[in-house]
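What follows is a single structure, written as structure tokens, with notes after it.
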Amino acid sequence: MTTAIFPELGGQKLTQLWAFDQDNFPHSTGNSLLAGALAWEFEDAVLMFSSPLRHLHCAQGSVLGNESGGLCDVGFRVTLLDTESADAWLSNYTGCTTVDATHWRRLIGQRLNDIRVTPDNANHQQRWRMELTFSEEVKPCSVMYRSDLDGLIETSWGERFELQQIEVNSSKQAFGWLHPAAPLAFILDEQLWRSAQMSDWPFAVRKQLQVSERPQEFYRYTFIKALVARFEQNPIYRQRLQALQYPVKVKDVPQDIYPQVRHALGI
């Protein structure tokens, strides 16, 4: 059963589409647009979708009522703003990008027919999605929450972007927060660690590693302890780690490290 929402937007032209917090995600996503937040700018309002897994100021997704009296949890946060207050709201987000790929740019200038909340039977993590129908499009544009894909919001014409595994070679790419060098500071043994990468370990700890009779065991023990502390003290990233549903391969990190970290965190 589908439910129409925001009838006041019906008939308005889309004037701009903005993506925020794309996290350097690879562009080979087919026809899907992936972002931590999206702003659909219409003639006199801005419709904002934002990920609660990535943004603390929208810590919960929106739950919308349907025509049968039930509730629809779409997963992401839905906010309708007037144009005067939109700029202040959008300043909460970083990494603003104008979406100008051809298959998205064609929506600019089209009138919105309606917005509906509809069941999402293909998404086991999230039971509902939103669909935006535009005047010149045969198929509705689908917006769904991907908690399994690092809390991104996926917009497409029905496709779902999938990965075989997450591969991380740098802290500056997508899922870079999984890399030991990610700049997520934490306190361990009463000392500040800038990151979990060995070059950032306190001098005394690196010295212990050098003189250890079992350096490999000492390294693994210390590395796991550092990662656990990092996620415990950065709860938003602990939530992102818990939500991941794909195998993880991080450069220079043994394959069994993250399963042990997850186990130690109780996730």
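Computed from the coordinates by the stated procedures, all read-outs in this text should not be read as laboratory data. Worth saying up front: this structure is predicted, and the values here are computed from it rather than measured. Ideal geometry is used to build each Cβ from the backbone, glycine not excepted, and the neighbour counts take in all protein chains shown.
The table that follows gives values for the structure above.
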read-out: Net length gained if the chain between Met198 and Thr94 were fully extended (0.36 nm per residue, minus Cα distance); value: 34.5 nm
read-out: Between the stretch 67-117 and the stretch 239-267, the Cα center-to-center distance that results, in Å; value: 32
read-out: Sum of -39500 (n - 2.57) over DSSP H runs of 4+, divided by residues of the chain (222 nm, nearest 500); value: -6500 deg cm²/dmol
read-out: Segments 234-240, 206-212 sorted - mean Cβ within 10 Å per residue, highest first; value: 234-240, 206-212
read-out: Equivalent ellipsoid semi-axes - Cα gyration tensor, the stretch 3-156, angstrom; value: 20, 19, 17
read-out: Selected from Gln233, Gln165, Gln197 as most flexible by GNM, with the chain as the system and alpha-carbon contacts under 10 Å; value: Gln165
read-out: Computed over the chain: relative contact order in percent, which uses C-alpha pairs under 8 Å that are six or more apart; value: 18
read-out: Set of lysines with alpha-carbon distance to Lys139 below 22 Å, sequence-local pairs under 8 removed; value: Lys13
read-out: Virtual spin-label span in nm between Gln242 and Ser170, 7 Å along Cα→Cβ; value: 3.2
read-out: √(5λ) per eigenvalue of the Cα gyration tensor, the stretch 86-226, largest first, Å; value: 46, 18, 13
read-out: Peptides ranked, highest mean first, by Cβ atoms within 10 Å: ranges 214-221, 169-176; value: 169-176, 214-221
read-out: For the stretch 3-156: relative contact order, % (alpha-carbon pairs under 8 angstrom, 6 or more apart); value: 29
read-out: Order of Met198, Met48 - criterion: other Cβ atoms within 10 Å of each residue's Cβ, fewest first; value: Met198, Met48
read-out: Pairs of Cα atoms farther than 23 Å apart, the chain, %; value: 57
